[in-house]
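Structure record follows, encoded as structure tokens.
The values are calculated or read from the model by the stated rules, or taken from the named source; none is laboratory data. Here the structure is a predicted model, which is why all the values come from computation and not from measurement. Here Cβ is always computed from backbone atoms with ideal geometry, including for glycine, and neighbour counts include all displayed protein chains.
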Ligand SMILES: NC(=O)c1ccc[n+]([C@@H]2O[C@H](COP(=O)([O-])OP(=O)(O)OC[C@H]3O[C@@H](n4cnc5c(N)ncnc54)[C@H](OP(=O)(O)O)[C@@H]3O)[C@@H](O)[C@H]2O)c1
């Protein structure tokens with residue numbers, strides 16, 4: 001069976017480890033390395049623990065890099081000699097696969113961008129690799145599907161776009177929920193009731209959009225009766241520029257993702 005080493009055993013590593021155990025992956029085939037012994041103590045039973053990244057990686061077929069983006073260059077460079085012949089999967093936001101390949105001395109790299117609902121296994125994960133084999137791609141997809149849905153992309157630039165859309169996307173929806181809850185409170189509904197109404201509406205709308213064969217645009221049209229309440233609200237959102245604002249917001253996140261990659265490895 002494939003042996004995995006997680007370098008960094010924080011939130012995203014623990015989400016993937018938990019998801020894999022849930023799917024029947026044998027805990028003893030996973031090693032997690034982290035300098036924080038409290039983090040190591042909190043790992044599920046059976047998972048091997050190590051304070052030494054090199055030792056963890058040297059026993060693995062696949063090394064999954066789960067450290068903060070600003071740590072990636074030094075961590076991968078230190079591991080380079082051990083990474084030969086192994087697959088390196090990185091979840092570090094903004095860090096380009098091309099840089100990971102350079103720092104690792106030519107190891108095959110798969111760059112992934114999960115989002116925060118991965119922590120409850122409802123994430124969206126974008127993946128990209130320039131050189132992984134079909135078998136390596138299938139393996140990465142199996143591993144990452146432990147925390148949500150997966151989709152492949154064609155370039156590092158695409159992954160910066162994924163970062164802007166689904167990576168940062170949960171916060172856009174949280175912001176919308178926050179604004180709707182505040183609007184309910186401003187109308188005189190209690191905060192608790194407003195929260196219940198808004199969160200369940202968000203959940204129902206997302207589930208309906210995912211399950212329906214119709215586009216979100218058509219679903220919106222279906223509930224917008226001429227002269228009705230929904231139309232009155234949507235007219236205000238359109239006239240105050242919701243689509244243009246969202247376009248500008250996603251572009252800002254995309255440019256910031258590019259900057260983060262540049263900062264990690266200036267060209
Ligand atoms: N959480 C998410 O929803 C999410 C979504 C998308 C992408 N990501 C990416 O996932 C990566 C990890 O994020 P996270 O939320 O899991 O962060 P986290 O909870 O802070 O986990 C990172 C872990 O790495 C440890 N670490 C620090 N230096 C290390 C080293 N040299 N060797 C090994 N481990 C080391 C940290 O220990 P200390 O705390 O002691 O420093 C910490 O336990 C980031 O690159 C982030 O961009 C996360």
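Overview of values
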| read-out | value |
| --- | --- |
| Among residues of the stretch 6-40, those that are crowded, with 17+ Cβ neighbours inside 10 Å, within 15 Å of the ligand (Cβ to nearest atom), touching a residue at least 40 places away in the same chain (Cβ under 8 Å) and not in a helix (DSSP H, G or I), counted | 4 |
| Any hit, the stretch 181-194, residues being part of a helix (DSSP H, G or I), closer than 21 Å to residue 116 by Cβ and modelled with pLDDT of 95 or more | yes |
| Odd one out for residue 131, checked against (1) under 16 Å from the mean Cα position of the chain (by Cα); (2) in a loop (DSSP other than H, G, I, E, B) | (1) |
| Strands (runs of 3 or more DSSP E) within the stretch 41-122 that include 2 or more residues over 19 Å from residue 167 (Cα atoms), at pLDDT below 95 and within 10 Å of the ligand (Cβ to nearest atom) | none |
| Considering residues of the stretch 49-72 that are under 16 Å from residue 112 (Cα atoms) and in contact with a helix residue (DSSP H, G or I) (Cβ under 6 Å, 6 or more places away or on another chain) only, the residue surrounded by the most Cβ atoms within 10 Å (Cβ to Cβ) | 63 |
| Condition met for residue 164 (assigned to a loop (DSSP other than H, G, I, E, B) and within 30 Å of residue 99 (Cβ to Cβ)) | no |
| The listed residue being within 16 Å of the ligand (Cβ to nearest atom) and in a helix (DSSP H, G or I), out of 139, 159 | 159 |
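Table: residues versus (1) surrounded by 11 or more Cβ atoms within 10 Å (Cβ to Cβ); (2) outside the structural domain of residue 114 (by TED's automatic domain parsing); (3) in contact (Cβ under 8 Å) with a residue 40 or more places away in the chain; (4) within 30 Å of residue 97 (Cα to Cα).
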residue: 217; (1), (2), (3), (4): no, yes, no, no
residue: 228; (1), (2), (3), (4): yes, yes, no, no
residue: 232; (1), (2), (3), (4): no, yes, no, no
residue: 238; (1), (2), (3), (4): yes, yes, no, no
residue: 250; (1), (2), (3), (4): yes, yes, yes, yes
residue: 266; (1), (2), (3), (4): no, yes, no, yes
